[in-house]
Amino acid sequence: MAPNNPALVALAGASVHLGSTTLFENIDVSVARGEKIALVGRNGSGKSTLMKCLAGIIDIDRGERFVQPGARVAHLAQEPDFTGFPTVAEFVAGGQAEPLQYRVDAVLEALDLPGDRACATLSGGESRRAALARALVDEPDVLLLDEPTNHLDIPTILWLEKELQQFRGALLLISHDRAFLQNLSKRILWLDRGVLRTTDRPFSDFETWRDEVFKEEEATYHKLDRKIQAELKWMWEGGISGRRTRNMGRVRRLQGMRQDRADRIRSRQVNFAVAEGDTSGKLVVEAENISKSFQGPGGERVICRDFSTRILRGDKVGLIGPNGAGKSTILKMLTGELAPDGGAIRLGTNLQTIVFDQRRAQLNPNDTLRQVLLPEGGDSIWVGGKPRHIAGYLKDFLFDPSMMEQPVRALSGGERNRLLLAKLFAQPSNLMVLDEPTNDLDMDTLDLLEEVLADYDGTLLLVSHDRDFLDRLVTSTIAVEGDGDVSEYAGGYSDYLIQRKDRDEAARPAATRPAASPASPPPAAAPKARKKLSFKENRELEELPTRIEALEKKIAQLNAKMGDPAFYGKDPKGFAKATGDLTSAQADLSAAEERWLELEALREELEG
């Protein structure tokens, strides 16, 4: 908090317990005017509860809550309550003492919400936008926003960013959207295992700060390990009598130390893994001049015109665009679920497809976690050709085994996402179609999901509004702009912005382009445009598939060799060499694939 800037809302010595679980203990937090703070932490760590305590929605078990007299506090809940409000406009205006209709209309228009729409007919995403409109329209002194970007498209997220950048009150954000937090927050609160840490470093430094904290913890664990070893030594040297009567307390302390260390390490681990299927053909999807439109009450709605793309094995393709522009329709055409009106779609051979639906329709709300993963009964699930006990598999996705008989309807949004990922990742696949998989996931889980998808040998089609996630992961981006405008760009979202700007500039009439400054020297003559690859580049492009295939074969052989449990025991030096060879081969493969993509894109650009 800035000096001499009093808190608008604060908690002092606050503690909250849920049954035997301590969410946080004796924490202090304050939010002052002008501050923009990111509140981060694992799913289930208590972030939303802490925010509700600041909002006065939940009472703290111990401690004090303070609100500056006269300060207005607005809270965006993940699940809004529309009771008593027949229409969206009435709900949005209901948060104000004196509703200003022009503010209501402006916010509804910006969030693309019809004011006369019945609240009972809103979808999950529309409900979210209505709740956001209500929080913004009241112009409060304190804004507490819990996952405000969920279900919003990128244009709306950009609008919201601009609104919040201009907001002069106090702002506290919970979000998994890194780009959103980087563009807004100036301070970080990190709730981790009941402890609230804070730093004035920008959010771009969060991972560095987090790793520094973990490094300090590792030093503490090392000291604890030494103490455990000392206790073990005492136990063995003390003999059988050392374990009796008056010394049993020492044994219990040892068990407690072991359990404490295991719990702390386990709380930082998530272990996703994907059961990969057989190798698909090199060509996965080819779309040639496809078009699609629908007739609606307002006339014809064009989804795409003459769109072409070629998706090869291992490509990771992102789909972006405003809500309602037709991303899902494009996705259904690319996977063969929906036929285009014109043009042709060709699917590759040997495709094994899994689909993550953002509505999570594959989950029956009345099924238990056990029934979701084992619909035929039993205790073991097959993952990658090997049986796993369901309790251990659920732990990999951060579910306590005690939750196995819990119904899906009792889970949070993030827990439902993890459960659906657990169900899908157990199925062999070589084509993964993910529609908004990042909603409600915490950053640690997002990091692991990104790592798993980056290492996935199959092909990925990803619909997402998370700009940072797209930048980190995809090799190309299909932008569905609306009114039939669909184009593909190399790289992630940031690359798309640059290329889109260049495209729009080139399409402008010469008379409307900015005039060159009279003082500027005349531009140098442009080099003669290339029409094809050089001989060396063409030769390299022809040879790369053979090299990639050889590297893939080498990596498969090394993985098989190192998969032998007895290998290390028989030949430690050979195991170390194989590890080095595998790392080198994987790096060579990555470099070869990137070079092939670069040359192939250049060839298509020149020939096109």
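The single condition from (1) buried (at least 20 other Cβ atoms within 10 Å of the Cβ); (2) closer than 23 Å to Ser175 by Cβ that Val88 fails is (2). Quick check on the stretch 306-351: of everything there that is free of Cβ contacts under 8 Å to residues at least 40 places away in the same chain and assigned to a strand (DSSP E or B), which residue is surrounded by the most Cβ atoms within 10 Å (Cβ to Cβ)? Looking at residues that are free of Cβ contacts under 8 Å to residues at least 40 places away in the same chain and assigned to a strand (DSSP E or B), I get Arg310.
Given the criteria outside any loop (DSSP other than H, G, I, E, B), surrounded by fewer than 21 Cβ atoms within 10 Å (Cβ to Cβ) and modelled with pLDDT under 90, does Ala120 qualify? For Ala120, the condition - outside any loop (DSSP other than H, G, I, E, B), surrounded by fewer than 21 Cβ atoms within 10 Å (Cβ to Cβ) and modelled with pLDDT under 90 - is met.
Screening the candidates Leu374, Leu369, Leu351, Leu420 for the property of being at pLDDT 90 or above, in contact with a strand residue (DSSP E or B) (Cβ under 8 Å, 6 or more places away or on another chain), more than 25 Å from Val463 (Cβ to Cβ) and aliphatic (A, V, I, L, M) yields one hit, Leu374. Of the residues making up the stretch 35-59, those that are part of a loop (DSSP other than H, G, I, E, B) and either surrounded by 21 or more Cβ atoms within 10 Å (Cβ to Cβ) or of a type outside the set (A, V, I, L, M, F, W, C) (or both) are Glu35, Gly41, Arg42, Asn43, Gly44, Ser45, Gly46, Gly56, Asp59.
Run down Ser476, Ser487, Ser464 and say which single residue is modelled with pLDDT of 90 or more, surrounded by fewer than 18 Cβ atoms within 10 Å (Cβ to Cβ) and under 22 Å from Leu334 (Cβ atoms). Only one candidate passes the filter, namely Ser487. Could you tell me whether Leu434 is surrounded by 17 or more Cβ atoms within 10 Å (Cβ to Cβ), of a type outside the set (D, E, K, R) and more than 26 Å from Thr349 (Cα to Cα)? No: the conditions fail for Leu434.
Scanning the stretch 388-431 for residues that are more than 20 Å from Asn150 (Cβ to Cβ) and of a type in the set (S, T, N, Q), we see that the one that is surrounded by the fewest Cβ atoms within 10 Å (Cβ to Cβ) is Ser402.
Within this structure, Leu100 fails the test of being within 32 Å of the chain's Cα centre (by Cα) and at pLDDT below 90. If you go through the stretch 446-476 and keep only what is among the charged types (D, E, K, R), assigned to a loop (DSSP other than H, G, I, E, B) and more than 22 Å from Glu286 (Cα to Cα), you end up with just Asp466.
The criterion of at least 3 residues that are among the charged types (D, E, K, R), under 30 Å from Leu191 (Cα atoms) and not assigned by TED's automatic domain parsing to the domain that holds Ile154 is met by the following helices (runs of 4 or more DSSP H) wholly inside the stretch 352-445: 413-425.
Residues in the stretch 12-22 that are buried (at least 22 other Cβ atoms within 10 Å of the Cβ) and in contact with a Gly (Cβ under 6 Å, 6 or more places away or on another chain): Ala14 only.
Quick check on Ile57: is it without any contact (Cβ under 8 Å) to a residue 24 or more places away in the chain and of a type in the set (A, V, I, L, M, F, W, C)? It is true that Ile57 is without any contact (Cβ under 8 Å) to a residue 24 or more places away in the chain and of a type in the set (A, V, I, L, M, F, W, C).
Taking (1) in a loop (DSSP other than H, G, I, E, B); (2) buried (at least 22 other Cβ atoms within 10 Å of the Cβ) in turn, Leu132 satisfies each apart from (1).
The values are calculated or read from the model by the stated rules, or taken from the named source; none is laboratory data. Note that the coordinates shown come from a computational prediction; the quantities given were computed from them, not determined experimentally. When we count neighbours, we look across all protein chains shown, and the Cβ atoms used for this are built from the backbone with ideal geometry, even at glycine.
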